[in-house]
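Engineer: Submitted below is the structure of interest, expressed as structure tokens.
The values are calculated or read from the model by the stated rules, or taken from the named source; none is laboratory data. Because the structure is a prediction, the values reported are computed rather than measured. FYI the Cβ positions are ideal-geometry reconstructions off the backbone, even for glycines, and counts take in every protein chain you see.
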Amino acid sequence: MNSADRSPCLDRVLGVIDSLLGPNGCPWDKKQTPESLCDYLVEEAFELVAAIRAGDQTEVMEELGDVLFLLLFVARLYADQKAFGLDEVLRANAEKMIRRHPHVFGDKEIKDQQELIRVWEKIKRGEKDAGPGRVFGSLPRGLPPLLRAYRINSKAARNNFTWASDQDQERHLASEWEEFRGALAAADPESAEREFGDYLFSLVETGRRKGIKANAALDSANQRFLARFERMEDLAREQGREINELDLKEMNALWERAKAELG
């Protein structure tokens, strides 16, 4: 990227990366490869998501910076390998986004959201060079299972492979629950795990049909539980006791108090 076209702040970050990888740079940074940085990218992305969901704008700003720094660092490593440069990354991305939005950058007319999604999917599949495009060909392998299940159900529905009505899908969900219970009754651990997985997969689809993303909903439930439990611990200590000293009835009473306070 031409330095004249860059913001001073971006220039400064790129200069920091130059120094870290330079002759007098950081020994740890100089050992890194794109592959060695993958786990850090995932961790930083999760931290950014957590900050966004917590509504902490100061934390969001910091985590955005960490993610951007890692992305620029990885791009620099590929540039050093003579694979591609940051200019090429940005140019290719801009061209892809323009290509995938013909209703914005071209003369394509889109009637509704469903048609927009169908056009998007068709363009994505047409971008693949080798062989016919596959519906799930662009599905990232490294997605967490709950998010992956949502994306699978969503892509299947975009290609009309889904239940005709919500009622049909809910009947299917009920049948999956009964199959899970049957596997438990048969004391078959392998079958129980498989049927439980089928039930979870169908439950994700139930939420998707109602506009609920299972991964975000579960994350929110996790946070509510943790906040309520920490409040229970505080309430127990106000009584001069530890949470593990209480019986279930006492803990349930504190749970209800915490729930009433925190929602």
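Engineer: Within the range 244-258, track down each residue that is at pLDDT 95 or above and within 36 Å of the chain's Cα centre (by Cα).
Structural biologist: Residues satisfying the conditions are L248, M251, N252, A253, L254, W255, E256, R257, A258.
For (1) in contact with a helix residue (DSSP H, G or I) (Cβ under 8 Å, 6 or more places away or on another chain); (2) in a helix (DSSP H, G or I), each residue gets a yes or a no:
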{"position": "W28", "(1), (2)": "no, yes"}
{"position": "E35", "(1), (2)": "no, no"}
{"position": "A51", "(1), (2)": "yes, yes"}
{"position": "M61", "(1), (2)": "no, yes"}
{"position": "G65", "(1), (2)": "no, yes"}
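Engineer: Do any residues in the range 23-39 that are within 13 Å of D80 (Cβ to Cβ) have Cβ atoms under 9 Å from those of residues that are not in a helix (DSSP H, G or I), where the two are at least six apart or on different chains, and which pairs are they?
Structural biologist: K30/G22; P34/Q81
Engineer: Please specify each residue of the range 68-88 satisfying the condition of being modelled with pLDDT of 95 or more, surrounded by 15 or more Cβ atoms within 10 Å (Cβ to Cβ) and either assigned by TED's automatic domain parsing to the domain that holds N222 or under 30 Å from E121 (Cα atoms) (or both).
Structural biologist: L70, L71, L72, V74, A75, Y78
Engineer: Determine if the range 188-202 includes at least one residue that is in contact with a Leu (Cβ under 9 Å, 6 or more places away or on another chain) and outside any helix (DSSP H, G or I).
Structural biologist: The answer is no, given that none of the residues of the range 188-202 is in contact with a Leu (Cβ under 9 Å, 6 or more places away or on another chain) and outside any helix (DSSP H, G or I).
Listed here are the residues, each with its yes/no results for (1) surrounded by 12 or more Cβ atoms within 10 Å (Cβ to Cβ); (2) β-branched (V, I, T); (3) within 30 Å of Q114 (Cα to Cα).
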site	(1), (2), (3)
A192	yes, no, no
T206	yes, yes, yes
A217	yes, no, yes
R237	no, no, no
L246	yes, no, no
E250	yes, no, no
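Residues checked against (1) within 29 Å of the chain's Cα centre (by Cα); (2) in contact (Cβ under 8 Å) with a residue 40 or more places away in the chain:
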site: L146; (1), (2): yes, yes
site: A149; (1), (2): yes, yes
site: K155; (1), (2): yes, no
site: D168; (1), (2): yes, no
site: R171; (1), (2): yes, no
site: E178; (1), (2): no, no
site: A187; (1), (2): no, no
site: D198; (1), (2): yes, no
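Engineer: With within 23 Å of E95 (Cβ to Cβ) and in contact with a helix residue (DSSP H, G or I) (Cβ under 9 Å, 6 or more places away or on another chain) as the only criterion, which of K122, K108 stands out?
Structural biologist: Every option except K108 fails the conditions.
Engineer: Among the listed residues F73, F69, identify the single one that is in contact (Cβ under 8 Å) with a residue 24 or more places away in the chain, within 14 Å of L10 (Cα to Cα) and more than 21 Å from the chain's Cα centre (by Cα).
Structural biologist: F73
Engineer: Check whether at least one residue in the range 106-115 is closer than 26 Å to A156 by Cα and surrounded by 14 or more Cβ atoms within 10 Å (Cβ to Cβ), and report yes or no. Even if it seems obvious, please write down each step before you answer.
Structural biologist: Kept after step one, since they are closer than 26 Å to A156 by Cα, are these residues of the range 106-115: 108-115.
Then drop every residue that is not surrounded by 14 or more Cβ atoms within 10 Å (Cβ to Cβ), which leaves 110.
Yes, there is a match, as at least one residue in the range 106-115 is closer than 26 Å to A156 by Cα and surrounded by 14 or more Cβ atoms within 10 Å (Cβ to Cβ).
Engineer: Let me ask something additional. Restricting to the range 3-23, count the residues that are part of a helix (DSSP H, G or I) and either closer than 21 Å to L64 by Cα or at pLDDT 90 or above (or both).
Structural biologist: Going through the range 3-23 one residue at a time, the tally reaches 14.
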